[in-house]
Amino acid sequence: MHRSGATMAWNVFKFCTALRGLGSIMILLVLGVVGVTYYAVVLTNYGPALSAGGLDFLVALLVLILFHCLLVMLLWSYFSVVFTDPGSVPPNWRPTIDEERGEADPLVGTEFSNVQADPNQRIRYCRKCNQLKPPRCHHCSVCGRCVLKMDHHCVWVVNCVGALNYKYFLLFLFYTFLETTLVTASLLPHFIAFFSDGEIPGTPGSLATTFLAFVLNLAFALSVLGFLIMHISLVAGNTTTIEAYEKKSTPKWRYDLGRRKNFEQVFGMDKKYWFIPSYTDEDIRKMPALQGSNGGQGGVMLVSGANVFMFPQ
């Protein structure tokens, strides 16, 4: 059945509104899974094992140390994604002369509102935000604004994943995979015991929590592994999830600088900061990728009031 454009737009708006409404629910869901897992691993199984001697004590101590270290990094990365602005277009900016390439400002003497939103042109215009937007910037219908180097809107983190928090999102996936794999491996003997003929120690509640924690962490480990592999391949090619479709029709991807430089554009130059959800001031100052328009072909200078941003094109 044919539907009018107005009806389709209304349905999309309802969908985006529903996604915004999931915000606090998704955060509570993540914390709920963490709570169930913590209860099963620390309070039910390996915490009490610390009172035992010998090998059981050493195994329990090792599991608990790894579990808490990974949990801290997981939650740090998660809330960094949640609370970090993915990157907004500077207000009232416009492209100006690219001195290195000798190209004149295509907007001199032109009213911004008359710029056509042609995706094939170098300078693009967002009709929803009523402003120009730099390369690799996309409008998020859920957030209701343009996001620099937007990858996708993630309901799990209740935020867009873009230039300024993509690294944190990748670290969240990385530490989630390590944590859920550790939990799955550590609870596996207890899970197997459910199918044995012997008597299993513990209350019905603790046994049910252990069973649930094992199933949840196994499911998350397998699903997150797929996402992690996909995003590692995107980082290697300096591509976002949105751009992956555009890249298929391009013989040579214009933003590909080589694997190492592509990696550094996301994780920074300082190796000490690669595995923590933070950047050095030097990386923030030097890395154009953190401003959302990274690439390796020339440059575009963006002017916003008294501020000037230099973005490689």
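The values are calculated or read from the model by the stated rules, or taken from the named source; none is laboratory data. Just so we're clear, the structure is a prediction, and the values are computed from it rather than from any experiment. As a convention, Cβ positions derive from the backbone with ideal geometry for all residues, glycine included, and neighbour counts pool all protein chains shown. These accessible areas exclude ligands, DNA and RNA; they are computed on the full protein's heavy atoms, side chains included. Shrake-Rupley method; radii C 1.70, N 1.55, O 1.52, S 1.80 Å.
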**OP:** Within segment 187-244, work out how many residues are surrounded by 12 or more Cβ atoms within 10 Å (Cβ to Cβ), over 32 Å from the mean Cα position of the chain (by Cα) and not in a helix (DSSP H, G or I).
**Re:** 1
**OP:** Find the helices (runs of 4 or more DSSP H) located wholly in segment 1-109 whose residues include 3 or more that are at pLDDT 90 or above and open to solvent by 70 Å² or more (accessible area, probe 1.4 Å), and list them.
**Re:** 23-38, 55-83
**OP:** Only strands (runs of 3 or more DSSP E) wholly contained in segment 124-166 count here; list those with 3 or more residues that are under 17 Å from the mean Cα position of the chain (by Cα) and touching a residue at least 24 places away in the same chain (Cβ under 8 Å).
**Re:** 152-154, 159-161
**OP:** Answer yes or no as to whether residue 119 is at pLDDT below 85, open to solvent by less than 30 Å² (accessible area, probe 1.4 Å) and not in a strand (DSSP E or B).
**Re:** no
Original post:
Given the conditions (1) basic (Lys, Arg); (2) open to solvent by less than 20 Å² (accessible area, probe 1.4 Å); (3) at pLDDT below 90, and given that residue 167 satisfies all but one, which numbered condition is not satisfied?
Top reply: (3)
